[in-house]
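These notes are about the structure you will find just below.
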Amino acid sequence: MESQKKLSLREKIDMILRQLQGNWGFLIGAILLAYMNTICNAVIPQIISVTVDSVLGTREPDLPGFFQALLPLDRLRADPGSALWAAAGAVVLAAAVRGICIYGMRINLAKGSEGFVKKLRDSLYSRIQHLSFDWHTAHATGDIIQRCTSDVEVIRTFVCNQLIEVLRTLFLVALYIGIMLSMNWRLALVTLAFFPVTGVASWIFYGKISSRFRVADEAEGELTTCAQENLTGVRVVRAFGRERFEIDRFAQKNDRFSQLWVELGKVLSVYWASGVLLVCLQIMAVIVAGAAAAVNGEITLGEFQAFVIYNSAMAWPVRALGRVLSEMSKAGVSMDRVGYILNSPEESDRPGAQSVTLCGDIVFDHVTFSYEGQQVLRDVSFTIPWGSTFAILGGTGSGKSTLVHLLDRLYDLGEGQGSITIGGVDIRDVRREDLRRQIGLVLQEPFLFSQTIRENIAAARPGADQDELRRCARIACVDEAIADLPQGYETVVGERGVTLSGGQKQRVAIARMLLQNAPIMVFDDSLSAVDAETDAKIRAALKERTAQATVILISHRVNTLMQADRILVLDNGRAADLGTHAELIARPGVYREIYSIQMSSDDRALVEEGGDA
């Protein structure tokens, strides 16, 4: 994954706010219920204080007039036993209200957080679907998956749990400190004296944790990529006996990932150990100072008990703010990684791009193209007459597939790199969606989904009936092979079609493209995995089916291309020759050399038989 800039705080907030749209009500409800829970919790120490000082003791309660009127102080003092039961009942009532608030808060948090994370996942998936082809080729699949799963979960936990806890803690601190200051401001200052120490310690560790977590998160992406590549390439691993190599490779990345988390755990251990020490010192300081104040008559026994409860109840949530800072560092890294995808530019059309029905000659005019600094095509010009069969021959790395990728606008030509037109219309002036819908493409390594064969073929046109689907399969010479499978067309293929042979996958992909019924059909070395006899049969059937379409055949095999109307020979990114099979074979050049090497007498007889079919 290429390097990426960190998002600013404003950019992170904007990203979160966009994804929270539609879920604000749940989160606000959760916050309000959390505040009510905190208020109920603050009432309990006051109940204890009043009971000790004013019911069991003789001190007049310092309560607001409304509560003073509700408190039957004389009756309670006359019957201390009933007073204790009344105090216990008040505590139970406050606890019951707290329970209701916590229940409502959790329900709202669940709805709000799941709504938030669903929208975030949808946004990521939608963005990924519209990112350019070269963006995908430049990024590892495993790392993308990790950003859409682990990083999304880190963000959800922070925004919908820890951030809510921060707001609750800030409210709790403000409420408790206000109550404590009203009771005894000197003792309250003892508690407040520890806050700056906790804050500075948390900030120091925040900086240390953030950089370490970024490295650990990226290592997790590498680990996921390693596992994903091994699982999707399981045939290659088995075929070449690379099990031990792959195990060692995974173990190496896993060891590094584990070591990074051990190092991160060491930093966190120091942080939490020092935090426990600070909390214990704070509680002890309040107990010592409060006991001294109670002995000197500065506060009552009930106030001292309430003070200790408030301080203990506040110490750990305040300490938890430091934990949130450490989690914030993780969330910040995850927001950078997720934001990188959300902010990556989507494929876009030129202003004024139109929906055009493609019809006419395809013209490559002085096309030059470079990829990652390496020039792939060099001033290539040729014309494909509409309705003809056009072939492209060339060795590996000659630029054959690049021509197709440019035609389908998987890559775009820049200024000064030439142009590609269809019927005189520059393809950059056509909406990508319309262009690709009218260009059928079968690649050398076709991709099949983990679905039934019927669903894979029907992906090109979901509404097609079974008869039309089977007709396309027969043209692709795969209908009989499918019929021999246990469930026929309802057979579920493995991931990426792994349960089918290479030739079967290519033929299923050809059937899928034929069902698309596009006016331009491109076969990018898509018969490389079938035998010569099947190749000849498929080409003969295609010739009849595609009579009204422009067909582009790309291959390194002469017998696949020689029946084409015209053949373009590419050599090292340049158009080395152009003509019919007869013209090219009649003159010295790359084509005749390849023909002489590839073709035997038996091959020629088979080609002629297939060509006459």
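The values are calculated or read from the model by the stated rules, or taken from the named source; none is laboratory data. Quick caveat, the model's predicted, so the values are computed rather than measured. Virtual Cβ from ideal backbone geometry, glycine too; neighbours counted across all protein chains shown.
Every residue, every condition in (1) hydrophobic (A, V, I, L, M, F, W, C); (2) surrounded by 19 or more Cβ atoms within 10 Å (Cβ to Cβ), yes or no:
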| site | (1), (2) |
| --- | --- |
| 287 | yes, no |
| 296 | no, no |
| 301 | yes, no |
| 311 | no, yes |
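For the stretch 235-288, filtered to residues that are aromatic (Phe, Trp, Tyr) and farther than 30 Å from residue 317 by Cα, the residue that is modelled with the lowest pLDDT is 240.
Determine which member of the set 355, 348 is free of Cβ contacts under 8 Å to residues at least 24 places away in the same chain and of a type in the set (S, T, N, Q).
348
Just to verify a result, which residue in the stretch 506-534, among those that are modelled with pLDDT under 70 and among the acidic types (Asp, Glu), is farthest from the chain's Cα centre (by Cα)? For the stretch 506-534, the residue satisfying everything is 533. From 408, 479, which residue is under 19 Å from residue 507 (Cα atoms), acidic (Asp, Glu) and crowded, with 16+ Cβ neighbours inside 10 Å? None of the other options fit; the residue is 479.
Across the stretch 489-514, the number of residues qualifying as within 26 Å of residue 543 (Cα to Cα) and not in a loop (DSSP other than H, G, I, E, B) comes to 14.
Suppose we filter 402, 396, 389 for residues that are among the β-branched types (Val, Ile, Thr) and surrounded by fewer than 20 Cβ atoms within 10 Å (Cβ to Cβ); which single one remains?
Every option except 396 fails the conditions.
Filtered by the rule that a residue be more than 37 Å from the chain's Cα centre (by Cα), surrounded by fewer than 21 Cβ atoms within 10 Å (Cβ to Cβ) and among the aliphatic types (A, V, I, L, M), the stretch 143-182 gives 173, 174, 175, 177, 179, 181. Quick check on my filter: what residues within the stretch 435-488 are on the phi > 0 side of the Ramachandran plot and either assigned to a helix (DSSP H, G or I) or aliphatic (A, V, I, L, M) (or both)? Listed by number, the list holds a single entry, 488.
I'd like to know if the stretch 409-416 contains one or more residues that are within 30 Å of residue 221 (Cβ to Cβ), in a loop (DSSP other than H, G, I, E, B), among the hydroxyl-bearing types (Ser, Thr, Tyr) and assigned by TED's automatic domain parsing to the domain that holds residue 566. Full working, then the answer.
Of all residues in the stretch 409-416, those within 30 Å of residue 221 (Cβ to Cβ) come to 409-412.
From the residues that got through so far, the ones that are in a loop (DSSP other than H, G, I, E, B) too are 409-412.
Of the ones still in play, those that are also among the hydroxyl-bearing types (Ser, Thr, Tyr) are 411.
Next, from what is left, pick out any that are assigned by TED's automatic domain parsing to the domain that holds residue 566: 411.
Looking for residues that are within 30 Å of residue 221 (Cβ to Cβ), in a loop (DSSP other than H, G, I, E, B), among the hydroxyl-bearing types (Ser, Thr, Tyr) and assigned by TED's automatic domain parsing to the domain that holds residue 566, one finds at least one in the stretch 409-416, hence yes.
The set of residues in the stretch 107-150 that are touching a residue at least 40 places away in the same chain (Cβ under 8 Å) and among the charged types (D, E, K, R) comprises 111, 119, 127, 134, 143, 147.
When the stretch 590-613 is limited to residues that are surrounded by 16 or more Cβ atoms within 10 Å (Cβ to Cβ) and modelled with pLDDT of 80 or more, the one that is nearest to residue 393 (Cα to Cα) turns out to be 591. Quick one: how many residues across the stretch 455-469 are at pLDDT 85 or above and buried (at least 18 other Cβ atoms within 10 Å of the Cβ)? Final tally of qualifying residues: 4. A count restricted to the stretch 556-583 and to residues that are within 10 Å of residue 394 (Cα to Cα) and part of a loop (DSSP other than H, G, I, E, B) stands at 4.
Just to check your reading of the model, which residue among 376, 425, 356, 404 is in contact with a strand residue (DSSP E or B) (Cβ under 9 Å, 6 or more places away or on another chain), under 25 Å from residue 581 (Cβ atoms) and not acidic (Asp, Glu)?
Working: 376 fails: under 25 Å from residue 581 (Cβ atoms); 425 fails: under 25 Å from residue 581 (Cβ atoms); 356 fails: under 25 Å from residue 581 (Cβ atoms).
Matching residue, one of 376, 425, 356, 404: 404.
Confirm whether residue 247 is outside any helix (DSSP H, G or I) and either under 49 Å from the mean Cα position of the chain (by Cα) or assigned by TED's automatic domain parsing to the domain that holds residue 143 (or both). It would help to see each step written out before you state the result.
On the way: outside any helix (DSSP H, G or I): no; either under 49 Å from the mean Cα position of the chain (by Cα) or assigned by TED's automatic domain parsing to the domain that holds residue 143 (or both): yes.
So residue 247 does not fit the description; no.
Among the residues here, residue 238 does not qualify as without any contact (Cβ under 8 Å) to a residue 12 or more places away in the chain, surrounded by 14 or more Cβ atoms within 10 Å (Cβ to Cβ) and among the charged types (D, E, K, R). Considering the stretch 539-581, and only residues there that are at pLDDT 80 or above and of a type in the set (S, T, N, Q), the residue that is farthest from residue 477 (Cα to Cα) turns out to be 572. Pairs are defined by a Cβ separation below 7 Å, a sequence spacing of at least 6 or placement on different chains, a first member in the stretch 400-414 that is over 11 Å from residue 522 (Cα atoms), and a second member that is of a type in the set (Asp, Glu) and outside any loop (DSSP other than H, G, I, E, B); the pairs so defined are 411/134.
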